[in-house]
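Worksheet: the structure to be examined is printed underneath.
The values are calculated or read from the model by the stated rules, or taken from the named source; none is laboratory data. Predicted model only: the values in this text are computed from it and were never measured. Note that each Cβ is placed from the backbone with ideal geometry, even for glycine, and that neighbours are counted across all protein chains shown.
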Amino acid sequence: FLAKTPVPDMSSSLQIEAVSAALKRAYTRVMQSRLGQSKFARYIAIGFGCIGLRYLCVLFYRKVRRYPPGPIGLPFIGCLLPFARSPTEALSSYGQNYGAVTFVPIMGYNHLFINDVKVMDELYKKQAINDREAPNSWRETVDFGGINGKSWKTRRQLFSATTLTLANSNFVQEKMNDIIENDIGKVILEKHIQGKEPFIPSEYLSYIAFNIAWSATFDQVVPYGDPFVAE
């Protein structure tokens, strides 16, 4: 009887147990990977949802407060990155995309950029704008952009007079012709015509623009090469 009784194959049973254990481990890894992917996808969806909700809230807030159009910007830093890369290009882009008056948040502060001469003309014709001594900030500062009280009023009045004068195209044309004929013309003749040096117009454009604004305020021209212009 013992001779006829089959002896169980222990090696095959061990193989089956090993295969089943491997399958269980593989299944567990797959499920854990899927759970991790689903959590990651859930976090991404939540992030995009928060961004969309912030965008809608900002648009609604600006509409209620009747702010001018402008870019939304990133949280906390606002539109700092375009300005850090190229302020001139950023301002030009805002003027083309959002119109004459643009509302731009930068580093927690809201700024209004005016890109139209007519708007500036109308704004600085109002005495209510020029005569108020409202502070530019809540604390005293020594930099040009943060002067308060009477200094703030004086700067507004000075800038108002300069802006209204520069809005006169005849004044700008006369001053530009005067600067070119009586000042820069001599330099161009000596350096580039007689001296044969390469002529680069951009070297003189900033000087012309500076002197036009300076003439509108102080009614005089700073000579070319004066250290004050370079500073």
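Residues that are exposed (fewer than 15 other Cβ atoms within 10 Å of the Cβ) and of a type outside the set (S, T, Y) within region 59-71 comprise L59, F60, K63, V64, R65, R66, P69, listed in sequence order. The number of residues in region 72-103 that are exposed (fewer than 10 other Cβ atoms within 10 Å of the Cβ) and at positive phi comes to 1. Note on region 52-62: residues that are under 15 Å from N110 (Cβ atoms) and among the charged types (D, E, K, R) amount to 1. Would you pick out the residues in region 181-217 that are under 21 Å from P227 (Cβ atoms) and among the polar types (S, T, N, Q)? Correct list: N182, S202, S206, N211, S215, T217. In this structure, is P105 modelled with pLDDT of 80 or more, closer than 26 Å to P227 by Cβ, outside any helix (DSSP H, G or I) and not assigned by TED's automatic domain parsing to the domain that holds L59? Taking the combined requirement at face value, the residue does not satisfy it.
In this structure, does Y67 turn out to be assigned to a loop (DSSP other than H, G, I, E, B), on the phi < 0 side of the Ramachandran plot and either of a type in the set (S, T, Y) or modelled with pLDDT of 80 or more (or both)?
Yes.
All conditions but one from (1) crowded, with 16+ Cβ neighbours inside 10 Å; (2) within 27 Å of D116 (Cα to Cα); (3) at pLDDT 75 or above apply to D183; the one that does not is (2).
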